[in-house]
Amino acid sequence: MPSSASSSSASASLAQALSPGRRRSAAAVLSASLLVVVMDMMILNVAIPDLTEDLRPSANQLLWIVDSYSLVLAGMLVSVSAIGDRWGRKRMLLAGYALFAAASALVLAAHSATFVIVIRCLLGLGGAMIMPTTLSMLRCVFPDPKERATALGIWASVAGLGAAVGPLVGGLILEHFSWRAAFVINVPLMVAGLVAAHFLLPESRNPAPQPWDFVAAGESLAGTVAIVWTVKYFARQQSFGSAPGWVVLIVAVALLVAFARRCLHSPSPFLDLRLFARGPFTAAVIAALCCMFALAAALLLATQWMQLAEGLSPLETGIRLLPTALASAAASVLSPWLATRWSIRAILSQSVAVAATGMALPFLWPGRISQAAVMAALALVGAGTGALALGSAVIISSAPEERVSSAAAIDELSYDLGSVLGVAILGSLAGFLYRTGLDKDRALTALPPHLADTARGSLGNAITVADHIKQPDLAKAATAQFVRSFEITGLTAGLFLLAVAALVFLLIPHDIDTAHQHP
(Lines give C-alpha, C1' and ligand atoms only; values in the text may rest on other atoms or scores of the structure.)
Protein backbone atom coordinates (compact mmCIF):
# COMPACT_ATOMS: atom_id res chain seq x y z
CA MET A 1 0.00 0.00 0.00
CA PRO A 2 1.42 3.48 -0.83
CA SER A 3 2.58 5.51 2.10
CA SER A 4 0.95 8.79 3.06
CA ALA A 5 4.07 10.52 1.80
CA SER A 6 3.64 9.06 -1.68
CA SER A 7 -0.07 9.94 -1.62
CA SER A 8 0.76 13.50 -0.64
CA SER A 9 3.37 13.63 -3.41
CA ALA A 10 0.76 12.52 -5.93
CA SER A 11 -1.64 15.17 -4.70
CA ALA A 12 1.04 17.83 -4.91
CA SER A 13 1.93 16.78 -8.48
CA LEU A 14 -1.75 16.95 -9.43
CA ALA A 15 -2.12 20.46 -8.02
CA GLN A 16 1.14 21.70 -9.53
CA ALA A 17 -0.22 20.77 -12.95
CA LEU A 18 -2.90 23.41 -12.41
CA SER A 19 -2.10 27.04 -13.07
CA PRO A 20 -2.68 29.53 -10.22
CA GLY A 21 -5.62 30.95 -12.14
CA ARG A 22 -7.21 27.53 -12.53
CA ARG A 23 -6.73 26.78 -8.83
CA ARG A 24 -8.50 30.02 -7.95
CA SER A 25 -11.30 29.19 -10.38
CA ALA A 26 -11.59 25.73 -8.85
CA ALA A 27 -11.89 27.27 -5.37
CA ALA A 28 -14.63 29.58 -6.66
CA VAL A 29 -16.59 26.65 -8.12
CA LEU A 30 -16.27 24.58 -4.93
CA SER A 31 -17.28 27.50 -2.71
CA ALA A 32 -20.21 28.54 -4.91
CA SER A 33 -21.63 25.01 -4.89
CA LEU A 34 -21.54 25.02 -1.10
CA LEU A 35 -23.32 28.40 -1.11
CA VAL A 36 -26.24 26.97 -3.09
CA VAL A 37 -26.62 23.97 -0.76
CA VAL A 38 -26.52 26.07 2.42
CA MET A 39 -28.90 28.69 1.01
CA ASP A 40 -31.36 25.97 0.05
CA MET A 41 -31.41 24.76 3.65
CA MET A 42 -32.34 28.25 4.87
CA ILE A 43 -34.76 29.27 2.09
CA LEU A 44 -37.19 26.48 2.99
CA ASN A 45 -37.81 28.06 6.39
CA VAL A 46 -39.22 31.12 4.61
CA ALA A 47 -41.19 29.06 2.09
CA ILE A 48 -42.92 26.78 4.62
CA PRO A 49 -46.00 29.02 5.22
CA ASP A 50 -46.80 29.22 1.47
CA LEU A 51 -46.10 25.51 0.99
CA THR A 52 -48.40 24.66 3.90
CA GLU A 53 -51.22 26.81 2.51
CA ASP A 54 -50.92 25.20 -0.93
CA LEU A 55 -50.46 21.49 -0.11
CA ARG A 56 -52.18 21.31 3.29
CA PRO A 57 -49.78 18.73 4.77
CA SER A 58 -50.63 17.01 8.02
CA ALA A 59 -48.59 17.92 11.08
CA ASN A 60 -46.53 14.75 10.69
CA GLN A 61 -45.94 15.37 6.98
CA LEU A 62 -44.81 18.92 7.68
CA LEU A 63 -42.26 17.63 10.18
CA TRP A 64 -40.91 15.20 7.59
CA ILE A 65 -40.71 17.96 4.97
CA VAL A 66 -38.55 19.95 7.38
CA ASP A 67 -36.51 17.07 8.85
CA SER A 68 -35.94 14.64 5.96
CA TYR A 69 -33.20 16.76 4.37
CA SER A 70 -30.96 16.87 7.44
CA LEU A 71 -31.64 13.20 8.31
CA VAL A 72 -30.50 11.97 4.89
CA LEU A 73 -27.63 14.46 4.74
CA ALA A 74 -26.23 13.47 8.13
CA GLY A 75 -26.70 9.76 7.53
CA MET A 76 -25.01 9.68 4.12
CA LEU A 77 -21.98 11.94 4.75
CA VAL A 78 -19.61 9.16 5.86
CA SER A 79 -20.61 6.62 3.22
CA VAL A 80 -20.61 9.11 0.36
CA SER A 81 -17.15 10.36 1.34
CA ALA A 82 -15.83 6.79 1.32
CA ILE A 83 -17.41 6.13 -2.09
CA GLY A 84 -15.85 9.32 -3.45
CA ASP A 85 -12.41 8.04 -2.41
CA ARG A 86 -12.90 4.99 -4.62
CA TRP A 87 -15.04 6.28 -7.49
CA GLY A 88 -13.41 9.69 -7.85
CA ARG A 89 -14.15 12.90 -5.96
CA LYS A 90 -14.82 14.93 -9.10
CA ARG A 91 -17.27 12.29 -10.32
CA MET A 92 -19.02 12.34 -6.95
CA LEU A 93 -19.28 16.13 -7.06
CA LEU A 94 -20.67 16.17 -10.60
CA ALA A 95 -23.19 13.46 -9.68
CA GLY A 96 -24.20 15.52 -6.65
CA TYR A 97 -24.77 18.60 -8.81
CA ALA A 98 -26.88 16.59 -11.25
CA LEU A 99 -28.98 14.98 -8.51
CA PHE A 100 -29.52 18.30 -6.72
CA ALA A 101 -30.64 19.97 -9.96
CA ALA A 102 -32.93 17.11 -10.96
CA ALA A 103 -34.54 16.88 -7.52
CA SER A 104 -35.11 20.64 -7.47
CA ALA A 105 -36.78 20.51 -10.89
CA LEU A 106 -39.13 17.74 -9.74
CA VAL A 107 -40.91 20.23 -7.50
CA LEU A 108 -42.78 21.49 -10.59
CA ALA A 109 -44.61 18.16 -10.62
CA ALA A 110 -45.13 18.02 -6.83
CA HIS A 111 -48.78 18.28 -5.89
CA SER A 112 -48.69 16.37 -2.61
CA ALA A 113 -46.77 16.59 0.65
CA THR A 114 -45.46 13.04 0.15
CA PHE A 115 -43.85 14.02 -3.15
CA VAL A 116 -42.15 17.00 -1.47
CA ILE A 117 -40.76 14.69 1.24
CA VAL A 118 -39.24 12.47 -1.47
CA ILE A 119 -37.72 15.55 -3.12
CA ARG A 120 -36.25 16.69 0.18
CA CYS A 121 -34.68 13.25 0.71
CA LEU A 122 -33.09 13.43 -2.76
CA LEU A 123 -31.81 16.93 -2.01
CA GLY A 124 -30.31 15.65 1.24
CA LEU A 125 -28.48 12.91 -0.68
CA GLY A 126 -27.28 15.46 -3.24
CA GLY A 127 -26.08 17.73 -0.45
CA ALA A 128 -24.18 14.86 1.16
CA MET A 129 -22.47 14.21 -2.18
CA ILE A 130 -21.49 17.87 -2.57
CA MET A 131 -20.55 19.22 0.87
CA PRO A 132 -17.70 16.96 2.06
CA THR A 133 -16.42 16.52 -1.49
CA THR A 134 -15.83 20.26 -1.86
CA LEU A 135 -13.64 20.13 1.24
CA SER A 136 -11.72 17.05 0.13
CA MET A 137 -11.01 18.60 -3.25
CA LEU A 138 -9.72 21.82 -1.73
CA ARG A 139 -7.04 19.73 -0.02
CA CYS A 140 -6.10 18.19 -3.37
CA VAL A 141 -6.17 21.44 -5.36
CA PHE A 142 -4.22 23.42 -2.73
CA PRO A 143 -1.35 21.34 -1.28
CA ASP A 144 0.39 24.52 -0.10
CA PRO A 145 -0.89 25.17 3.47
CA LYS A 146 -0.97 28.97 3.10
CA GLU A 147 -2.95 28.86 -0.14
CA ARG A 148 -5.18 26.18 1.32
CA ALA A 149 -5.90 28.28 4.41
CA THR A 150 -6.97 31.20 2.22
CA ALA A 151 -9.16 28.92 0.09
CA LEU A 152 -10.73 27.39 3.20
CA GLY A 153 -11.39 30.87 4.55
CA ILE A 154 -13.35 31.71 1.41
CA TRP A 155 -15.10 28.33 1.54
CA ALA A 156 -16.19 28.82 5.17
CA SER A 157 -17.21 32.44 4.60
CA VAL A 158 -19.49 31.24 1.82
CA ALA A 159 -21.12 28.74 4.22
CA GLY A 160 -21.83 31.51 6.73
CA LEU A 161 -22.98 33.81 3.94
CA GLY A 162 -25.45 31.23 2.69
CA ALA A 163 -26.91 30.67 6.16
CA ALA A 164 -27.54 34.38 6.67
CA VAL A 165 -28.49 35.38 3.10
CA GLY A 166 -30.80 32.40 2.52
CA PRO A 167 -33.80 34.01 4.29
CA LEU A 168 -33.23 37.26 2.36
CA VAL A 169 -33.15 35.45 -0.99
CA GLY A 170 -36.18 33.44 0.06
CA GLY A 171 -38.04 36.61 0.98
CA LEU A 172 -37.25 38.20 -2.39
CA ILE A 173 -38.37 35.10 -4.28
CA LEU A 174 -41.63 34.75 -2.37
CA GLU A 175 -42.45 38.42 -2.92
CA HIS A 176 -43.03 37.57 -6.61
CA PHE A 177 -43.31 33.79 -7.02
CA SER A 178 -44.76 30.70 -5.34
CA TRP A 179 -42.91 28.43 -2.91
CA ARG A 180 -41.84 26.20 -5.82
CA ALA A 181 -39.49 28.93 -7.01
CA ALA A 182 -37.44 28.42 -3.81
CA PHE A 183 -36.56 24.97 -5.20
CA VAL A 184 -36.41 25.74 -8.93
CA ILE A 185 -33.80 28.48 -8.42
CA ASN A 186 -31.31 25.68 -7.68
CA VAL A 187 -31.58 24.24 -11.20
CA PRO A 188 -29.69 26.88 -13.24
CA LEU A 189 -27.16 27.34 -10.44
CA MET A 190 -26.36 23.63 -10.27
CA VAL A 191 -26.22 23.28 -14.07
CA ALA A 192 -23.72 26.15 -14.19
CA GLY A 193 -21.71 24.44 -11.43
CA LEU A 194 -21.81 21.16 -13.32
CA VAL A 195 -20.36 22.72 -16.48
CA ALA A 196 -17.73 24.76 -14.63
CA ALA A 197 -16.62 21.82 -12.48
CA HIS A 198 -16.31 19.55 -15.50
CA PHE A 199 -13.79 21.86 -17.14
CA LEU A 200 -12.00 23.34 -14.11
CA LEU A 201 -11.66 20.59 -11.51
CA PRO A 202 -9.10 17.76 -11.65
CA GLU A 203 -10.06 14.21 -10.75
CA SER A 204 -8.67 12.80 -7.49
CA ARG A 205 -9.15 9.59 -5.56
CA ASN A 206 -7.42 7.48 -2.95
CA PRO A 207 -4.70 5.57 -4.84
CA ALA A 208 -5.07 2.57 -2.50
CA PRO A 209 -8.72 2.39 -1.34
CA GLN A 210 -9.55 -0.07 1.41
CA PRO A 211 -12.13 -2.86 0.97
CA TRP A 212 -15.70 -1.68 1.37
CA ASP A 213 -17.09 -2.40 4.84
CA PHE A 214 -20.82 -2.99 4.44
CA VAL A 215 -21.37 -3.47 8.18
CA ALA A 216 -19.66 -0.19 9.09
CA ALA A 217 -21.53 1.65 6.33
CA GLY A 218 -24.86 0.36 7.64
CA GLU A 219 -24.00 1.18 11.25
CA SER A 220 -22.92 4.74 10.40
CA LEU A 221 -26.03 5.39 8.30
CA ALA A 222 -28.56 3.95 10.76
CA GLY A 223 -26.82 5.31 13.87
CA THR A 224 -26.41 8.87 12.58
CA VAL A 225 -29.97 9.08 11.25
CA ALA A 226 -31.32 7.69 14.53
CA ILE A 227 -29.37 10.12 16.71
CA VAL A 228 -30.42 13.15 14.62
CA TRP A 229 -34.04 11.96 14.62
CA THR A 230 -33.95 11.49 18.41
CA VAL A 231 -32.64 15.00 19.03
CA LYS A 232 -35.34 16.47 16.80
CA TYR A 233 -38.02 14.26 18.39
CA PHE A 234 -37.23 15.29 21.96
CA ALA A 235 -37.10 18.93 20.85
CA ARG A 236 -40.57 18.72 19.32
CA GLN A 237 -41.99 16.88 22.32
CA GLN A 238 -40.24 19.37 24.63
CA SER A 239 -40.04 16.53 27.10
CA PHE A 240 -37.70 13.64 27.86
CA GLY A 241 -40.50 11.39 29.08
CA SER A 242 -41.41 9.85 25.74
CA ALA A 243 -40.70 6.10 25.44
CA PRO A 244 -40.28 6.03 21.61
CA GLY A 245 -37.57 8.67 21.84
CA TRP A 246 -35.61 6.69 24.43
CA VAL A 247 -35.92 3.45 22.45
CA VAL A 248 -34.52 5.07 19.31
CA LEU A 249 -31.81 6.84 21.35
CA ILE A 250 -30.65 3.53 22.89
CA VAL A 251 -30.56 1.91 19.44
CA ALA A 252 -28.66 4.91 18.02
CA VAL A 253 -26.04 4.84 20.78
CA ALA A 254 -25.61 1.06 20.42
CA LEU A 255 -25.11 1.38 16.65
CA LEU A 256 -22.64 4.25 16.94
CA VAL A 257 -20.65 2.52 19.70
CA ALA A 258 -20.45 -0.63 17.55
CA PHE A 259 -19.39 1.52 14.58
CA ALA A 260 -16.69 3.26 16.64
CA ARG A 261 -15.33 -0.04 17.99
CA ARG A 262 -15.24 -1.51 14.50
CA CYS A 263 -13.36 1.50 13.11
CA LEU A 264 -10.89 1.68 16.00
CA HIS A 265 -10.01 -2.03 15.79
CA SER A 266 -9.74 -2.18 12.00
CA PRO A 267 -6.37 -1.81 10.22
CA SER A 268 -8.27 -0.09 7.38
CA PRO A 269 -11.17 1.74 9.09
CA PHE A 270 -14.24 2.92 7.21
CA LEU A 271 -13.92 6.25 9.08
CA ASP A 272 -10.60 7.00 10.72
CA LEU A 273 -11.66 7.88 14.28
CA ARG A 274 -8.00 7.72 15.34
CA LEU A 275 -7.79 11.28 14.06
CA PHE A 276 -9.44 12.30 17.35
CA ALA A 277 -6.26 11.23 19.16
CA ARG A 278 -4.78 14.49 17.89
CA GLY A 279 -5.67 17.33 20.27
CA PRO A 280 -5.80 20.03 17.56
CA PHE A 281 -8.13 17.90 15.42
CA THR A 282 -10.51 17.32 18.33
CA ALA A 283 -10.41 20.99 19.32
CA ALA A 284 -11.18 22.12 15.77
CA VAL A 285 -14.14 19.73 15.49
CA ILE A 286 -15.52 20.94 18.83
CA ALA A 287 -15.06 24.58 17.81
CA ALA A 288 -16.82 24.06 14.46
CA LEU A 289 -19.70 22.13 16.05
CA CYS A 290 -20.23 24.71 18.79
CA CYS A 291 -20.04 27.70 16.44
CA MET A 292 -22.75 26.15 14.26
CA PHE A 293 -24.65 25.33 17.45
CA ALA A 294 -24.64 29.05 18.29
CA LEU A 295 -25.33 30.33 14.76
CA ALA A 296 -28.30 28.04 14.11
CA ALA A 297 -29.92 28.85 17.47
CA ALA A 298 -29.25 32.58 17.15
CA LEU A 299 -30.83 32.71 13.68
CA LEU A 300 -33.83 30.68 14.88
CA LEU A 301 -34.57 32.84 17.92
CA ALA A 302 -33.72 36.16 16.27
CA THR A 303 -35.89 35.59 13.20
CA GLN A 304 -38.83 34.57 15.39
CA TRP A 305 -38.36 37.69 17.51
CA MET A 306 -38.12 39.97 14.46
CA GLN A 307 -41.15 38.55 12.68
CA LEU A 308 -43.44 37.89 15.65
CA ALA A 309 -42.45 40.45 18.27
CA GLU A 310 -41.39 43.25 15.90
CA GLY A 311 -43.82 42.45 13.09
CA LEU A 312 -41.21 42.43 10.31
CA SER A 313 -41.79 40.68 6.99
CA PRO A 314 -39.50 37.83 5.86
CA LEU A 315 -37.76 40.23 3.46
CA GLU A 316 -37.27 42.88 6.16
CA THR A 317 -35.95 40.19 8.49
CA GLY A 318 -33.54 38.95 5.83
CA ILE A 319 -32.14 42.45 5.36
CA ARG A 320 -31.43 42.69 9.08
CA LEU A 321 -29.50 39.42 8.92
CA LEU A 322 -27.00 40.87 6.45
CA PRO A 323 -24.56 42.01 9.20
CA THR A 324 -24.32 38.36 10.24
CA ALA A 325 -23.32 37.34 6.74
CA LEU A 326 -20.82 40.18 6.33
CA ALA A 327 -19.20 39.55 9.71
CA SER A 328 -19.00 35.82 9.01
CA ALA A 329 -17.43 36.37 5.60
CA ALA A 330 -14.86 38.83 6.93
CA ALA A 331 -13.91 36.67 9.92
CA SER A 332 -13.63 33.50 7.83
CA VAL A 333 -11.21 35.15 5.40
CA LEU A 334 -9.21 36.98 8.08
CA SER A 335 -8.90 34.26 10.73
CA PRO A 336 -6.36 32.08 8.84
CA TRP A 337 -4.29 35.20 8.13
CA LEU A 338 -4.50 36.36 11.76
CA ALA A 339 -3.43 32.91 12.93
CA THR A 340 -0.10 33.39 11.12
CA ARG A 341 0.43 36.64 13.08
CA TRP A 342 -0.56 35.33 16.49
CA SER A 343 -1.36 31.64 16.85
CA ILE A 344 -3.99 29.16 15.79
CA ARG A 345 -4.76 28.46 19.44
CA ALA A 346 -5.42 32.13 20.18
CA ILE A 347 -7.57 32.83 17.11
CA LEU A 348 -9.61 29.62 17.28
CA SER A 349 -10.41 29.97 20.99
CA GLN A 350 -11.09 33.70 20.66
CA SER A 351 -13.47 33.08 17.75
CA VAL A 352 -15.56 30.83 19.98
CA ALA A 353 -15.40 33.47 22.74
CA VAL A 354 -16.67 36.13 20.30
CA ALA A 355 -19.62 33.88 19.42
CA ALA A 356 -20.24 33.47 23.18
CA THR A 357 -20.34 37.24 23.60
CA GLY A 358 -22.85 37.53 20.78
CA MET A 359 -25.14 34.92 22.32
CA ALA A 360 -25.08 36.65 25.71
CA LEU A 361 -25.46 40.20 24.36
CA PRO A 362 -29.30 40.35 24.40
CA PHE A 363 -29.20 39.55 28.14
CA LEU A 364 -26.39 42.04 28.80
CA TRP A 365 -27.89 44.84 26.69
CA PRO A 366 -29.03 47.71 28.95
CA GLY A 367 -32.73 48.50 28.89
CA ARG A 368 -35.29 47.04 26.49
CA ILE A 369 -33.95 44.73 23.80
CA SER A 370 -33.93 46.43 20.40
CA GLN A 371 -33.31 45.57 16.77
CA ALA A 372 -29.88 47.19 17.08
CA ALA A 373 -29.03 44.88 19.99
CA VAL A 374 -30.14 41.75 18.12
CA MET A 375 -28.30 42.78 14.95
CA ALA A 376 -25.13 43.44 16.97
CA ALA A 377 -25.49 40.06 18.69
CA LEU A 378 -25.92 38.28 15.36
CA ALA A 379 -22.91 40.10 13.92
CA LEU A 380 -20.76 38.87 16.80
CA VAL A 381 -22.01 35.31 16.37
CA GLY A 382 -21.27 35.63 12.66
CA ALA A 383 -17.77 36.89 13.42
CA GLY A 384 -17.30 33.93 15.75
CA THR A 385 -17.87 31.57 12.84
CA GLY A 386 -14.40 32.60 11.67
CA ALA A 387 -13.48 29.52 13.70
CA LEU A 388 -15.05 27.40 10.97
CA ALA A 389 -12.44 28.39 8.38
CA LEU A 390 -9.50 27.97 10.73
CA GLY A 391 -11.02 24.83 12.20
CA SER A 392 -11.40 23.29 8.75
CA ALA A 393 -7.76 24.13 7.98
CA VAL A 394 -6.66 22.35 11.17
CA ILE A 395 -8.93 19.37 10.50
CA ILE A 396 -7.83 18.87 6.91
CA SER A 397 -4.15 19.46 7.69
CA SER A 398 -4.32 16.93 10.54
CA ALA A 399 -5.22 14.12 8.18
CA PRO A 400 -2.87 12.21 5.87
CA GLU A 401 -3.81 12.32 2.19
CA GLU A 402 -5.44 8.87 2.18
CA ARG A 403 -7.69 9.92 5.12
CA VAL A 404 -8.67 13.37 3.87
CA SER A 405 -12.22 12.20 3.08
CA SER A 406 -12.62 10.91 6.64
CA ALA A 407 -11.53 14.30 7.93
CA ALA A 408 -13.87 16.12 5.52
CA ALA A 409 -16.82 13.91 6.52
CA ILE A 410 -16.17 14.55 10.23
CA ASP A 411 -15.87 18.28 9.57
CA GLU A 412 -19.16 18.43 7.65
CA LEU A 413 -20.87 16.19 10.20
CA SER A 414 -19.83 18.63 12.94
CA TYR A 415 -21.54 21.42 10.96
CA ASP A 416 -24.75 19.45 10.49
CA LEU A 417 -24.92 18.11 14.04
CA GLY A 418 -24.07 21.55 15.43
CA SER A 419 -27.03 23.07 13.59
CA VAL A 420 -29.40 20.29 14.65
CA LEU A 421 -28.30 20.42 18.29
CA GLY A 422 -28.43 24.21 18.42
CA VAL A 423 -32.00 24.37 17.17
CA ALA A 424 -33.10 21.39 19.29
CA ILE A 425 -31.40 22.14 22.60
CA LEU A 426 -31.52 25.93 22.71
CA GLY A 427 -34.88 26.04 20.94
CA SER A 428 -36.30 23.63 23.54
CA LEU A 429 -34.80 25.65 26.39
CA ALA A 430 -36.33 28.85 25.02
CA GLY A 431 -39.69 27.09 24.65
CA PHE A 432 -39.55 25.78 28.23
CA LEU A 433 -38.72 29.22 29.64
CA TYR A 434 -41.49 30.81 27.56
CA ARG A 435 -44.13 28.35 28.79
CA THR A 436 -43.14 28.41 32.45
CA GLY A 437 -43.10 32.20 32.44
CA LEU A 438 -46.44 32.56 30.67
CA ASP A 439 -48.09 30.01 32.98
CA LYS A 440 -47.71 32.49 35.84
CA ASP A 441 -49.26 35.41 33.97
CA ARG A 442 -52.87 36.36 34.63
CA ALA A 443 -53.44 36.99 30.93
CA LEU A 444 -53.10 33.23 30.37
CA THR A 445 -54.78 31.89 33.50
CA ALA A 446 -57.94 33.84 32.65
CA LEU A 447 -58.35 31.97 29.35
CA PRO A 448 -60.41 28.82 28.78
CA PRO A 449 -58.17 25.71 29.03
CA HIS A 450 -58.13 24.91 25.30
CA LEU A 451 -57.12 28.46 24.36
CA ALA A 452 -54.53 28.57 27.14
CA ASP A 453 -52.94 25.35 25.84
CA THR A 454 -52.77 26.82 22.35
CA ALA A 455 -51.21 30.07 23.56
CA ARG A 456 -48.59 28.17 25.57
CA GLY A 457 -47.39 26.42 22.41
CA SER A 458 -45.52 29.36 20.90
CA LEU A 459 -45.47 33.12 20.61
CA GLY A 460 -47.11 32.87 17.18
CA ASN A 461 -49.98 30.84 18.67
CA ALA A 462 -50.41 33.31 21.52
CA ILE A 463 -50.61 36.28 19.15
CA THR A 464 -53.16 34.42 16.99
CA VAL A 465 -55.32 33.64 20.06
CA ALA A 466 -55.00 37.23 21.31
CA ASP A 467 -56.16 38.61 17.94
CA HIS A 468 -59.04 36.14 17.82
CA ILE A 469 -60.43 36.99 21.27
CA LYS A 470 -59.40 40.67 21.16
CA GLN A 471 -57.07 40.44 24.16
CA PRO A 472 -53.99 42.63 23.51
CA ASP A 473 -52.77 41.96 27.07
CA LEU A 474 -52.18 38.30 26.14
CA ALA A 475 -50.06 39.24 23.13
CA LYS A 476 -48.09 41.71 25.27
CA ALA A 477 -47.49 39.15 28.03
CA ALA A 478 -46.49 36.42 25.57
CA THR A 479 -44.07 38.76 23.79
CA ALA A 480 -42.49 39.75 27.10
CA GLN A 481 -42.02 36.10 28.08
CA PHE A 482 -40.54 35.27 24.69
CA VAL A 483 -38.04 38.11 25.04
CA ARG A 484 -37.13 36.87 28.52
CA SER A 485 -36.64 33.31 27.23
CA PHE A 486 -34.54 34.68 24.34
CA GLU A 487 -32.27 36.56 26.74
CA ILE A 488 -31.79 33.73 29.27
CA THR A 489 -31.25 31.13 26.55
CA GLY A 490 -28.62 33.37 24.98
CA LEU A 491 -26.86 33.84 28.32
CA THR A 492 -26.86 30.09 28.95
CA ALA A 493 -25.40 29.43 25.51
CA GLY A 494 -22.83 32.19 26.00
CA LEU A 495 -21.55 30.70 29.24
CA PHE A 496 -21.37 27.26 27.64
CA LEU A 497 -19.39 28.62 24.68
CA LEU A 498 -16.93 30.36 27.01
CA ALA A 499 -16.19 26.98 28.58
CA VAL A 500 -15.74 25.54 25.07
CA ALA A 501 -13.32 28.37 24.21
CA ALA A 502 -11.23 27.48 27.26
CA LEU A 503 -11.25 23.78 26.29
CA VAL A 504 -10.14 24.61 22.74
CA PHE A 505 -7.31 26.75 24.14
CA LEU A 506 -6.13 23.86 26.32
CA LEU A 507 -6.27 21.22 23.57
CA ILE A 508 -4.20 23.12 21.01
CA PRO A 509 -0.42 23.57 21.45
CA HIS A 510 0.72 27.17 21.30
CA ASP A 511 3.11 26.51 18.39
CA ILE A 512 0.83 24.47 16.13
CA ASP A 513 1.17 25.20 12.41
CA THR A 514 -1.22 23.83 9.80
CA ALA A 515 1.76 23.49 7.47
CA HIS A 516 3.40 20.85 9.63
CA GLN A 517 0.68 18.88 11.37
CA HIS A 518 1.04 15.92 9.08
CA PRO A 519 4.09 15.05 7.03
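The values are calculated or read from the model by the stated rules, or taken from the named source; none is laboratory data. Keep in mind the model is a prediction, meaning the values are calculated, not measured. Cβ atoms come from the backbone with ideal geometry, glycine included; neighbour counts cover every protein chain shown. Accessible surface areas use protein heavy atoms only, side chains included; no ligands, DNA or RNA. Shrake-Rupley method; radii C 1.70, N 1.55, O 1.52, S 1.80 Å.
Accessible surface for the chain, divided over its residues, is 40 Å² per residue with a 1.4 Å probe. Among the protein heavy atoms, those of residue 19 account for about 60 Å² of accessible surface (1.4 Å probe, every chain in place).
Sorting 473, 67 on solvent-accessible area from highest to lowest, probe radius 1.4 Å, gives 473, 67. Converting phi to 3J(HN,Hα) with the Karplus coefficients 6.51, -1.76 and 1.60 and the offset θ = phi - 60°, the stretch 105-120 yields 5, 4, 4, 5, 9, 7, 10, 8, 5, 4, 5, 5, 4, 4, 4, 5 Hz in sequence order, with x at every glycine or proline. Between residue 60 and residue 214, full extension at 0.36 nm per residue minus the direct alpha carbon distance yields a gain of 52.3 nm.
With a ≥ b ≥ c the root eigenvalues of the C-alpha gyration tensor of the stretch 77-172, is it rounded (a/c under 1.5), prolate (a/b larger than b/c) or oblate? Since a/c reaches 1.5 but b/c is at least a/b, the shape of the stretch 77-172 is classed as oblate.
Sorting check: for 142-148, 178-184, which peptide has the highest mean count of neighbouring beta carbons within 10 Å, and how do the rest follow?
Listed from highest to lowest mean packing, they are 178-184, 142-148.
Spin-label model, residue 453 to residue 502: label points 7 Å out along the Cα-to-beta-carbon direction sit 4.4 nm apart. Legend: translational diffusion of the chain by Stokes-Einstein, Rh = Kirkwood radius over C-alpha pairs, 20 °C, 1.002 mPa s; D = 91 µm²/s. Measuring nothing but protein heavy atoms, the accessible surface of the chain at 1.4 Å probe radius is 68 percent carbon and sulfur.
Only lysines eight or more places from residue 476 in sequence, or on another chain, were considered; those with a Cα closer than 18 Å are 440.
Distance between the pseudo-spin-label points of residue 316 and residue 53 (7 Å out from Cα toward the beta carbon): 1.7 nm. Given labels modelled 7 Å from the Cα in the Cβ direction, how far is it in nm from residue 510 to residue 468? Reported label-point gap for residue 510 and residue 468 is 6.3 nm. Across all directions, the average projected area of the convex hull around the alpha carbons of the stretch 61-118 is 4.2 nm².
Remark: the residue 439-residue 192 segment gains 83.6 nm on full extension, using 0.36 nm per residue and subtracting the alpha carbon distance.
With R₀ set to 51 Å, the beta-carbon distance separating residue 261 from residue 178 gives a calculated FRET efficiency near 0.55. Straight-line cross-link partners of residue 470 among the aspartates and glutamates, defined as a Cα under 18 Å from its Cα and at least 8 positions apart when in the same chain: 441, 453. For the stretch 301-453, just say rounded, prolate or oblate: build the C-alpha gyration tensor, square-root its eigenvalues into a ≥ b ≥ c, call rounded for a/c under 1.5, and beyond that prolate if a/b exceeds b/c, oblate if not. The shape class here is prolate. Of the whole protein surface, residue 439 contributes about 60 Å² of accessible area at a 1.4 Å probe radius. Give, to the nearest whole percent, the P(r) tail of the stretch 377-447 beyond 21 angstrom, counting all Cα pairs. Cα-Cα pairs of the stretch 377-447 separated by over 21 Å account for 52 percent.
Heavy-atom accessible area for residue 121, with the other protein chains in place and a 1.4 Å probe, reaches approximately 50 Å².
How big is the shadow of the Cα convex hull of the stretch 182-286, averaged over all directions, in nm²?
11.1
When each of the peptides 307-316, 453-462 is scored by how many other beta carbons lie within 10 Å of its residues on average, the order from highest to lowest is 453-462, 307-316.
Rounded to the nearest 0.05, the FRET efficiency derived from the C-beta distance between residue 341 and residue 246 at R0 = 51 Å is 0.55. When the helices in the chain are scored as -39500 (n - 2.57) per DSSP H run of 4 or longer and the sum is shared across all residues, what 222 nm value do you end up with, to the nearest 500 deg cm²/dmol? Helices in the chain give a 222 nm mean residue ellipticity of -27000 deg cm²/dmol.
In terms of its C-alpha gyration tensor, the stretch 223-335 comes out oblate, because a/c is 1.5 or above while a/b does not outweigh b/c. When peptides 104-113, 483-492 are ranked by their average number of other Cβ atoms within 10 Å per residue, the highest-first order is 483-492, 104-113.
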